[in-house]
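These notes concern the structure reproduced below.
Just so it is clear, none of the values below were taken in a lab; they were calculated from the coordinates. This is a predicted model, so every value here is computed, not measured. As a convention, Cβ positions derive from the backbone with ideal geometry for all residues, glycine included, and neighbour counts pool all protein chains shown.
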Amino acid sequence: MGLDLDLGLTEADLEFLGSLNDDNMISQRPSITPEKQPQAGSLDSVGSTHRKPCSQLSSWSPRSKDNAYMDQEYLSVPKDLDHSIAEHATARSRVLPEHLSRERRDLAFAVVVRICGQRNFDRLMHCFPSAELLDSLIQDFFIRQRNEVDSWIHEPTMHLNQESPVMIITLAAAGAVMSSVDALQRLGYALLEIARIQLSQDYESDNSLTRHLRAQQAYALVLQIGLWSGNKRRVEIAESFEQPLVTMLRRASLFKKEKYSALMPPSTDDEETLNSHWRRWAESESFNSSRNLWDARTAAEWKSLCLKEDFQSADSPLSLADILQGPPLLWQIPLQSDVSLTALVYIHGISKMVADCNRNRYERCGAWSNPLFQLWQRELQDILERFGIEVLGTLGTQNSIMALIHQAISLSVYIPLGALEVLAGKDGEESAAHVRQTIVRSISPSHFRQAIWHAGQVLRISKTMASGSLIRFCATCLYFAALALWTYGTLSPRGVLSLDASELDTTEQRDVFLLDEVVDDLALRHFIVSGKRTPALSSERGPVSLDDRVAVVHIFQDALRSNHLGRKVSQQIQTFHDVLSALEYFSRINHDKSRKRKAL
């Protein structure tokens, strides 16, 4: 669910000042009452006002008042909030050594004023973020990027006071939307709209920007913010504007392997020449270079690492097509390559192949049992199994993120993720009934058990992830795992009944199979083939059967909550929590109806 846009800046200011005195610990499970309205910021306050999951899962329905200018009031930040954030930022270590100048801030402000026109002009003049606040938000973005596998904006060669105003606005927006302060999150999404509009104008006024790296990065960052915003409007707009960027890169031949060559450091120690080579290297693709080279702070350090890692011996650059030939090729890449990034690109490439397989077999009537699609599915299963065996164990600190994605994609091999949303009510009851029949008719019980095993493993891995890291695509993986287990509870032999653990007979309580635990291969194989054991999730009160859909949803809500303890959450996490609350409420309604029928 989106943020409450009726909340003004004065209240946000008080909210921020109050947050300085408490940790905003997330501890209580939200109550499911139809009268209670969800509030932005903390999972404690997120309930469900919806009687059907489709109200949360349905696509965006545009209103006449929806437009790119409706968030402009949030471009103003109260002075005391601005000063408090800026003062707090001075005590932190910096990522970018250069502070954003007031002149550069004023250029960004001029862009905002030009787009806003006379709307909120007086407010903007007095309360637009200071250079110090914008600088702090940009620092926050780069701090988070340092911990990501796919860091793609080269921080060491960025000089803030030489960047375009739209790049400054976009970077500040990216930092703001991940803030723990609601007012800053709203500021970030308001800046996002400004950046999106200005980028479009820039491209139209100067077509050469379609080949300019910084403009492409700003465009990609705008898409990323919108895609993971948790707001239906922003998500749809981001999806709609994805193709132009792909077209720019394709037309510039940047998807062709021949476009790239190994950029070796110059033999001379001339500082100007060395810096020029370093910047050219940074503007090229980092896929074929180690993370150490990417993180080098200076041209001299970059050259030293190149020589140390024998960079000159690199073969021709790898392409996505090269590594998609199979996991064994991952270990034929040069030693100086970024193995974690290579693995991430590979697993996402496989996910696209899985999506293609599902789309083709799902759109063709009766094709699910076609031998050709069964062979295609089996090949994808083998590729993912080999990836898990040969790759995941060697990725070190990034293993949990990669393992989570691997399990979610493995889940999608057996059940199309889109079908899970439809079954939960995204397109209404009629579509849900049709998909329910298709799944029951087309997916074998053993494949369904394989799918819920992967879903349980997503839950297990999510519990081991670093605090605050369960965001964006990782949070999406957890969301689909929850839908898969909820679906199994809906379609299981017990039907739609929600049973408490105490209602299971003693035999079933003894012979459960915990999906979110590590088990040996023989036990897993026996469960998948025979299905004689009762699938369940672990909890503090004992095993929870998947028939107890309310308890299953609670477990996933707890996983989200525990990963974000002590902090306010992003819109995306709030949205996922809202959907889970809707599923929980729907399960309770069905449970009550079933008990009434039994009583009669």
| field | Cα-projected label distance for Asn370 with Ser240, points at 7 Å along beta-carbon direction, nm | value | 3.3
| message | Assuming 0.36 nm per residue, please report the length gained on full extension of the stretch Ala300 to Ser58 beyond their Cα-Cα distance. | response | 81.8 nm
| task | Describe numerically, in nm with one decimal, the distance between label points set 7 Å from Cα along Cα→Cβ at Ala110 and at Glu271. | result | 3.1
| field | Residue pairs, from the table Lys65/Lys232; Lys259/Lys308; Lys256/Lys352; Lys257/Lys303; Lys232/Lys568, whose Cα atoms sit over 22 Å apart | value | Lys259/Lys308; Lys257/Lys303
| request: Filter the chymotrypsin sites (Phe, Trp or Tyr not before Pro) in the stretch 192-288 to those in DSSP coil with at most 13 other Cβ atoms within 10 Å of their Cβ, and list the result. | output: Phe255
